[in-house]
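Presented below is the structure to which this report refers.
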Amino acid sequence: MAGRTRRPTAKAAAAASSQNASSSTKRKSAPAPASASKKNNGGKKTSQSSGGASTPSNSQSVQNSAQMLKNLEARNKQLLAALQAQQDAEIRKRNAELLDKDDADENSSEGTQTPRIKKKKTNPAPLSEEERQLAAALGSFQTSDPEGSDDEEATPSEPLDDEPDGDDGEDVEGGEHGVVDLTTEEGNGTSTTSSTPSHGEKVTSASFTQISGRLAALSKAKTREYIATVNAFPTDKEQFCWSAIQDAAKASEPFQRTLEEAELDLVLKENLIDYAGYSIAGLRGDLKAKAKTIILGHYSLTAGQSSAEIKERVRWLLTKSNFMYGGLDIKNLTVNRQEPFKHPILVDIIRGQWFGKGKADVAAMNKMITLKLVMGELIALVVTVVENALKEWIEGSYHTVNFSEDTSAERYMHHLRSWRKMETQGPNWTRTLQSELFQIIVSNTNRQHLQAAQDDDDLDDLNFAELESAVVQN
């Protein structure tokens, strides 16, 4: 059977397969290149990268990342500062609008005779605890008062003729606990005879003759000036008001004659004193209403905060009078201790009260315009009313604290002593601060013309002899 190919046996095929497998295994286990690993002097294998040492490039990358992080942090600080400045500007604008609205309301009531109006009782929808506190703080809604009327207060802004007063002119501020009936007595101040109010009856413009009524109105404005620039909490109110009346009477000869008449007519004298005294409570009330409206924005006392957060913040603000310092950072609870009496809230309140659209405080405004500065007594008064408004939140929720002799006279004297200390130990700095406050206030109102220097003599370069000579020749 020559020519036929023999088929391999099964045994031979198995042997061949085993041989192939052995060859494959040997190829796979061939030694790695010498560059992959080598033994060091200690006999251990040390891996080597074909790329060589990597430290220079890695170090540069780390430095670049660190620099980028610093740049991002700096950029974030700039953005946060810009955002804070924008928020501060919005707060100031909103505060200015609120204060201007208060002034407009005052103007609408000044010098007018308002008939007695019965207030219609309404049943507003119940408010949540948070809404009730906020409404009470703003003083713009009627809220329930389960304690009754013991803490009820009169609405602040007094008309120039007939002004509601509290207990002898005390404890008057914003009317947050109810709608107060601000009625005025009939009378236009032009009667020819002086009426005599019965004991306890309110003195109104109808209580005076035409001339004595004009003196009474001027005396009220002068008393408001005294409260702002002499003493906000006089101990002898009658003598304080009588001094203001004597000062007001210097304006004209008829007023002087009326004053001499009042010194002999005890009823007229008492009426003038009572009428002027109403302005003490009126000015305090106006200031308190403004302060309690804008402290929420200036010190970030928002409704979204917990009671504990508000309590902590307010207590820190009241510590060492931190609330009155410039450079105040309410988030980190820090101030610039080198900037006392420089918090922006002081500017806002002074501008709104004495440089707004109202007419009741023109006398005090004119005094500041003449001196081109803000008086220290006035600054101490504003600091005191801001402190009083903050105390209403000292427990983390709103509770009324009256602005009166009992609650605030001692604190007013404390802040006035601090101001006197600054005048003694840093007279130049203090005087500069007074001038700067005036310039800032005027620049934020429509009275920028008051900043211009006034010439003592517009005719100092006129040759009067030449003028006279020209007339003689003609």
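Quick note: the coordinates plus some simple rules give every number you see, no bench work behind them. Small disclaimer: the values here were computed from a predicted structure and weren't measured. Note that we place each Cβ from the backbone using ideal geometry, even for glycine, and neighbour counts take in every protein chain shown.
Compared with the alpha-carbon gap, the fully stretched path from Ile330 to Asn428 is longer by 32.4 nm at 0.36 nm per residue.
Each Lys and Arg adds +1 at its Cβ and each Asp and Glu adds -1 at its Cβ; summed about the Cα centre, segment 220-320 shows a dipole of about 860 debye.
What FRET efficiency, computed as 1/(1 + (r/R0)^6) with R0 = 25 Å and r the Cβ-Cβ distance, is obtained for Asp461 and Ile440, rounded to the nearest 0.05? For R0 = 25 Å, the calculated efficiency reads 0.15. I need the shape label for segment 224-294. Rule: rounded when a/c is under 1.5, else prolate if a/b > b/c, else oblate, with a, b, c from the alpha carbon gyration tensor. In terms of gyration-tensor shape, prolate. For the pair Val471 and Met413 in one chain, pulling the backbone fully straight at 0.36 nm per residue adds 14.6 nm over the alpha carbon distance.
Given R₀ = 22 Å, FRET efficiency for Lys359-Arg257 by Cβ-Cβ distance, to 0.05? Computed FRET efficiency for Lys359 and Arg257: 0.30.
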